[in-house]
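The values are calculated or read from the model by the stated rules, or taken from the named source; none is laboratory data. None of the values given here were measured: they were computed from a predicted structure. Every residue, glycine as well, gets a Cβ built from its backbone with ideal geometry; the counts of neighbours run over all protein chains shown.
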Amino acid sequence: MRIVTLENSGRMYTSQVYLVLGGTSRLEDVNTLVDVGQDPAVLESIARAPTGVGKWAVEQVVLTHCHSDHCALLPQIREAFHPKVFAYSPNIEGVDGLLRDGETIRMGDQAFEVIHTPGHSSDSICLYNQARGVLFAGDTPLLITSPAGTYEPDFLAALEKLCSRDVREIYFGHGAPLMERCNQRLRESQRMATGSRSASEWNRGSRSSRQWRRNRRCNRSTKEQSPWQDSGSRLTPAVRP
């Protein structure tokens, strides 16, 4: 498997676009774009890539999520190469098939596991190849360095799943790939995210306790000062001397 990071113009905000190819460009390999970005300069980069002879340069597109910086160029890609397009979200125009958590999809000459990672967006996915330890992350927040954030249970479950995989290369939607200590970094992120949840739950409990005490004091004070008194199930005016 070869992974080509396609060049963009640098003149507009766009995601990274990865071209996944087979090791020897066989006819049965599936030339796949992971995300398409929104910079038309990517089309020129595809033309320069070693995609093989006698086949489309792009046969398949897999979108990591629905945000425009990752998928806005899809109409031009479809027009130029006529690929099959896959995504988790059914709301992206031009998608041919839907991916689900736990499924596998062939990219290049390798199988990739689809891992649903809701958090950055509800339709975010990661793509994991066991043989080489490759993970395409999209914009899933995998490098968490502070316990200050809050994370939904579904994301924490997905992060736990990622930590159970042997990850040796991480290709992000933005920025340079991570090529060392990937498993350690993922476990550190999991500790931070889990610690954030615990702290958040403690803070909510602490705030509730403080609010309960304030309400209790307020109620006691109100009861002492109120011109109304409890008479069975009804409140009646208190009799003042």
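For the reader, a short list of remarks on this structure follows.
- Residue match in the range 66-77 (condition: surrounded by 16 or more Cβ atoms within 10 Å (Cβ to Cβ), polar (S, T, N, Q) and at pLDDT 95 or above): no
- Every residue from the range 15-25 that is under 20 Å from Ala72 (Cβ atoms), of a type outside the set (S, T, N, Q) and assigned to a loop (DSSP other than H, G, I, E, B): Val17
- Scanning the range 115-161 for residues that are over 15 Å from Gln190 (Cα atoms), among the hydroxyl-bearing types (Ser, Thr, Tyr) and within 11 Å of the chain's Cα centre (by Cα) turns up Ser121, Ser122, Ser124.
- Qualifying residue in the range 26-39 (condition: in a loop (DSSP other than H, G, I, E, B), touching a residue at least 12 places away in the same chain (Cβ under 8 Å), touching an Asp or Glu at 6+ places or on another chain (Cβ under 6 Å) and farther than 20 Å from Ala137 by Cβ): yes
- Taken together, the residues in the range 142-167 that are touching a Lys or Arg at 6+ places or on another chain (Cβ under 7 Å) and closer than 30 Å to Asn8 by Cα amount to 1.
- Only residues that are surrounded by 14 or more Cβ atoms within 10 Å (Cβ to Cβ) and touching a Gly at 6+ places or on another chain (Cβ under 7 Å) were counted in the range 137-156, giving 8.
- Residues of the range 116-141 classified as in contact with a Phe, Trp or Tyr (Cβ under 8 Å, 6 or more places away or on another chain), assigned to a loop (DSSP other than H, G, I, E, B) and either among the aliphatic types (A, V, I, L, M) or under 17 Å from Leu98 (Cα atoms) (or both), total: 4
- Of all residues in the range 7-14, none are outside any loop (DSSP other than H, G, I, E, B), more than 19 Å from Phe112 (Cβ to Cβ) and either under 20 Å from the mean Cα position of the chain (by Cα) or without any contact (Cβ under 8 Å) to a residue 24 or more places away in the chain (or both).
Residues checked against (1) of a type in the set (Phe, Trp, Tyr); (2) in a helix (DSSP H, G or I); (3) modelled with pLDDT of 95 or more; (4) at negative phi:
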position: Ser146; (1), (2), (3), (4): no, no, no, yes
position: Leu162; (1), (2), (3), (4): no, yes, yes, yes
position: Glu180; (1), (2), (3), (4): no, no, yes, yes
position: Ser196; (1), (2), (3), (4): no, yes, no, yes
position: Glu201; (1), (2), (3), (4): no, yes, no, yes
position: Ser208; (1), (2), (3), (4): no, yes, no, yes
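- Among the residues of the range 55-107, the ones that are part of a helix (DSSP H, G or I), farther than 24 Å from Asp29 by Cβ and under 22 Å from the mean Cα position of the chain (by Cα) come to 2 in all.
- Single unsatisfied condition, Gly23 versus (1) in contact (Cβ under 8 Å) with a residue 60 or more places away in the chain; (2) farther than 28 Å from Gly119 by Cα; (3) buried (at least 16 other Cβ atoms within 10 Å of the Cβ): (3)
- Residues (on the phi < 0 side of the Ramachandran plot and in contact with a Leu (Cβ under 8 Å, 6 or more places away or on another chain)) located in the range 44-63: Ser45, Ile46, Ala49, Pro50, Thr51, Lys55, Val58, Gln60, Val61, Val62, Leu63
- Residue check, Ser25 modelled with pLDDT of 95 or more and either over 21 Å from Ala176 (Cα atoms) or of a type in the set (S, T, N, Q) (or both): no
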